[in-house]
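See below for the structure under consideration.
The values are calculated or read from the model by the stated rules, or taken from the named source; none is laboratory data. Keep in mind it's a predicted model, so treat the numbers as computed, not measured. Cβ coordinates were reconstructed from backbone atoms using ideal geometry, including for glycine residues, and neighbour counts include every protein chain displayed. Protein only, heavy atoms only, side chains kept; ligands, DNA and RNA dropped before computing areas. Shrake-Rupley method; radii C 1.70, N 1.55, O 1.52, S 1.80 Å.
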Amino acid sequence: MNVLFVALGASRRPAVVREAAQVLADGGSAAVLVRKASTWAKDPLPDGVDAVELSALERRYRPAAVRIPLYRIPALLLRVCFPGPLRGLGKRIDSAYRRRLAGPVDRRLARVYRRDAAAVRRRAVERELLRGRSIDLVVIADPHSLVTVSELADTITGAGAALSYSVAHERSPAGYARG
């Protein structure tokens, strides 16, 4: 089972570390969505658990209409035009292109496609986390994460993931009672 822990407030770090270790022990994979990775320095995550910063996801987000013509096509052309021993020259040209042309154009276009911060967050989380890692369960780890998860609830359920407050799947005996 692939589990995403949303712990933006980092107020329940020991519980998240314990539950992530349990997911790994059960043979699944775990990722933790955090606001800042530096707040997790005192309680490090177990090996194999990825800490993903929400701000980094939002910063890297680009719609396909920008990403493909501005970055992917030029990179493909450079790989084709500079094969083998010329690969180093192609990498230098690509670096200069990204710094001098693609970067400034992307910053100008970002004013338009990052106008709605909630939509950028929704698309970035869906593309990078939910679909990219094929998440089965999203665990709301602390109270600070409730607002963000409530904004993303439709996206999470649309991707086929379930929402939960814990990884524990056991139901209480009262849960089986029929009225």
Mean Cα-pair separation over length for the chain, i.e. relative contact order, pairs under 8 Å, 6 or more apart, %: 28
Pull out a ≥ b ≥ c, the square roots of the eigenvalues of the alpha-carbon gyration tensor of the stretch 98-148, then state rounded if a/c is under 1.5, prolate if not and a/b is larger than b/c, and oblate in the remaining case. prolate
For Leu89 and Lys36 in the same chain, what is the full-extension length gain: residue separation times 0.36 nm, less their Cα-Cα distance, in nm? 15.4 nm
When a/c is below 1.5 the answer is rounded, else prolate if a/b is larger than b/c, else oblate, so apply that to the stretch 1-85 with a ≥ b ≥ c taken from the square roots of the Cα gyration tensor eigenvalues. prolate
Per residue, how much accessible area does the stretch 1-91 show when a 1.4 Å probe rolls over the protein heavy atoms, in square angstrom? 56
The set of residues whose placed amide H lies less than 5 Å from the amide H of Glu53, leaving out same-chain residues fewer than 5 positions away, is Val34
So the carbon and sulfur contribution to the accessible area of the chain, 1.4 Å probe, in percent, is 55
Helix 103-113: angle to the longest alpha-carbon principal axis of the chain, degrees 0 to 90, nearest 10? 50
Kirkwood Rh, Cα Rg: Rg to Rh for the chain? 1.09
As a test question: what accessible area, to the nearest 10 Å², does Leu89 have when a 1.4 Å probe is rolled over all protein chains in place? 70
Given contacts defined as C-alpha pairs under 8 Å and at least six residues apart, what's the relative contact order of the stretch 1-106, whole-number percent? 20
Furthest towards positive pole of dipole, Val49, Gly28, Ile73, structure part the stretch 26-74, Cβ charges: Ile73
For the Cα atoms of the chain, what angle does the longest principal axis make with the long axis of helix 146-158, in degrees from 0 to 90, nearest 10? 80
What's the angle, to the nearest 10 degrees (0 to 90), between helix 13-25's Cα axis and the longest principal axis of the chain? 80
Computed over the stretch 62-153, the ratio Rg/Rh where both radii use C-alpha atoms and Rh is Kirkwood: 1.13
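Give, as a single signed number, the net charge of other residues whose beta carbon lies under 11 Å from the beta carbon of Arg79, with Lys and Arg counted +1 and Asp and Glu -1.
On the way: positive: Arg72, Arg87, Lys91; negative: Asp94.
In short, +2.
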The size of the Cβ-based charge dipole (Lys, Arg +1; Asp, Glu -1) of the chain about the Cα centre, to the nearest 20 debye, is 1280
Efficiency of FRET from Cβ geometry, Glu53 and Arg99, R₀ 25 Å, rounded to 0.05: 0.60
Expressed per residue, the solvent accessible area of the stretch 116-173 in Å² (1.4 Å probe) is about 54
Helix-only CD estimate at 222 nm, as mean residue ellipticity for the chain, using -39500 (n - 2.57) per DSSP H run (n ≥ 4): -12000 deg cm²/dmol
Using a cut-off of 15 Å between beta-carbons, work out the net charge of the residues near Pro14 (Lys and Arg +1, Asp and Glu -1, Pro14 not included). +1
